[in-house]
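The values are calculated or read from the model by the stated rules, or taken from the named source; none is laboratory data. Here the structure is a predicted model, which is why all the values come from computation and not from measurement. Heads up, the Cβs are rebuilt from the backbone with ideal geometry, glycines too, and the neighbour counts pull from every protein chain shown.
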Amino acid sequence: MADGERPWRISDGCVIVRVRVAPKSSKDAIDGVEPTAEGPAFKVRVRAVPADGEANEAVERQLADWLDVPKSRVAVASGHRSRLKSLKITGDATSLDSRLAARLLELT
């Protein structure tokens, strides 16, 4: 998968990950990648409801657990009130890029 086709991009000291969220799901899961108008995005299902930031917090926690990084390093950067969100994961961008690539392979 070429860089332009990946659901994340490397930034200065972080990685920005695009996700499409399905709140009020039967389980918390990351189910693969789907195309969106803004490019590919990870499909993230969370049981939380989209009220009072609950779904955003659940997405942050789900992505942190999935990548085995502290939750404090993951935050919604844009799309707070949208199903399509960008999350900023701070840390060593090269390491995060490798970890995301490995997890993507596991999904396909």
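Below are the figures for this structure:
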| item | result |
| --- | --- |
| Enumeration of residues in the range 21-46 that are buried (at least 16 other Cβ atoms within 10 Å of the Cβ) and either touching an Asp or Glu at 6+ places or on another chain (Cβ under 7 Å) or basic (K, R) (or both) | P40, A41, K43, R45, V46 |
| Top-ranked residue of the range 23-49 - restricted to ones that are of a type in the set (G, A, S), within 16 Å of S78 (Cα to Cα) and within 14 Å of the chain's Cα centre (by Cα), ranked as modelled with the lowest pLDDT | G39 |
| Verdict on A41 being over 17 Å from K88 (Cα atoms) and touching a residue at least 24 places away in the same chain (Cβ under 8 Å) | no |
| The one condition in (1) in contact with a helix residue (DSSP H, G or I) (Cβ under 9 Å, 6 or more places away or on another chain); (2) surrounded by 13 or more Cβ atoms within 10 Å (Cβ to Cβ); (3) on the phi > 0 side of the Ramachandran plot that L67 fails to fulfil | (3) |
| Residue within the range 50-73 that is of a type in the set (K, R) and over 14 Å from the mean Cα position of the chain (by Cα) present | no |
| Every residue from the range 92-102 that is surrounded by fewer than 15 Cβ atoms within 10 Å (Cβ to Cβ) and either among the small types (G, A, S) or touching a helix residue (DSSP H, G or I) at 6+ places or on another chain (Cβ under 9 Å) (or both) | S95, S98, A101, A102 |
| Answer from L96, L87 - the residue that is in contact (Cβ under 8 Å) with a residue 40 or more places away in the chain and part of a helix (DSSP H, G or I) | L96 |
| Residue match in the range 20-36 (condition: touching a Gly at 6+ places or on another chain (Cβ under 7 Å), among the charged types (D, E, K, R) and part of a strand (DSSP E or B)) | no |
| For I89: the one exception among (1) more than 20 Å from A22 (Cβ to Cβ); (2) surrounded by fewer than 18 Cβ atoms within 10 Å (Cβ to Cβ) | (2) |
